[in-house]
Amino acid sequence: MKKIIQWMDDKLEVFIGAIFLALMVLFTSLQIAGRYIFTAPFPWTEEMTRYMFVWMVFISIGYAVKTGEHIRITFVRMLLKPKWRLYLDI
């Protein structure tokens, strides 16, 4: 049980993000095929792709904050003294 909880803490966001990305590619391809081959697009694929994209962004923000790899401007950080860098990081 402890291993499952540890795996969920470490890799669940990455797993969900990968699944959402694969499904988004599949649904977008299905939308394109429906539009050009069958001349009748599937209305639910566009909406599902949009919702998955929004949720993938939310999950990715949490993962980026957890790993400390969120977007930052390093030029300003490099100009500061080490003491002020700590305050900026906090």
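The values are calculated or read from the model by the stated rules, or taken from the named source; none is laboratory data. Every value quoted in this text rests on a predicted model; they were computed, and no experiment measured them. Backbone-built Cβ (ideal geometry, glycine too); neighbour counts: all protein chains shown. Side chains are part of the model used for accessible areas, which takes the heavy atoms of the whole protein and leaves out ligands, DNA and RNA. Shrake-Rupley method; radii C 1.70, N 1.55, O 1.52, S 1.80 Å.
In table form, for the structure just shown:
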read-out	value
Yes/no for residue 88 being touching a Lys or Arg at 6+ places or on another chain (Cβ under 9 Å), surrounded by 10 or more Cβ atoms within 10 Å (Cβ to Cβ), farther than 30 Å from residue 25 by Cβ and of a type outside the set (D, E, K, R)	yes
Scope the stretch 1-52; condition in a helix (DSSP H, G or I), touching a Leu at 6+ places or on another chain (Cβ under 8 Å) and over 29 Å from residue 65 (Cβ atoms); matching residues	45
Total residues in the stretch 63-73, condition in a helix (DSSP H, G or I) and open to solvent by less than 80 Å² (accessible area, probe 1.4 Å)	3
Tally, over the stretch 35-48, of residues that are in contact with a helix residue (DSSP H, G or I) (Cβ under 8 Å, 6 or more places away or on another chain) and either surrounded by 11 or more Cβ atoms within 10 Å (Cβ to Cβ) or closer than 17 Å to residue 90 by Cα (or both)	5
Out of 68, 34, sole residue that is without any contact (Cβ under 8 Å) to a residue 12 or more places away in the chain and in contact with a Ser or Thr (Cβ under 8 Å, 6 or more places away or on another chain)	34
The stretch 1-27: number of residues that are in contact with a helix residue (DSSP H, G or I) (Cβ under 6 Å, 6 or more places away or on another chain) and among the β-branched types (Val, Ile, Thr)	1
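Let's see how each residue does on (1) aromatic (Phe, Trp, Tyr); (2) surrounded by 13 or more Cβ atoms within 10 Å (Cβ to Cβ); (3) at pLDDT below 85:
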| site | (1), (2), (3) |
| --- | --- |
| 3 | no, no, no |
| 7 | yes, no, yes |
| 13 | no, yes, no |
| 25 | no, no, no |
| 50 | no, no, no |
| 61 | no, no, no |
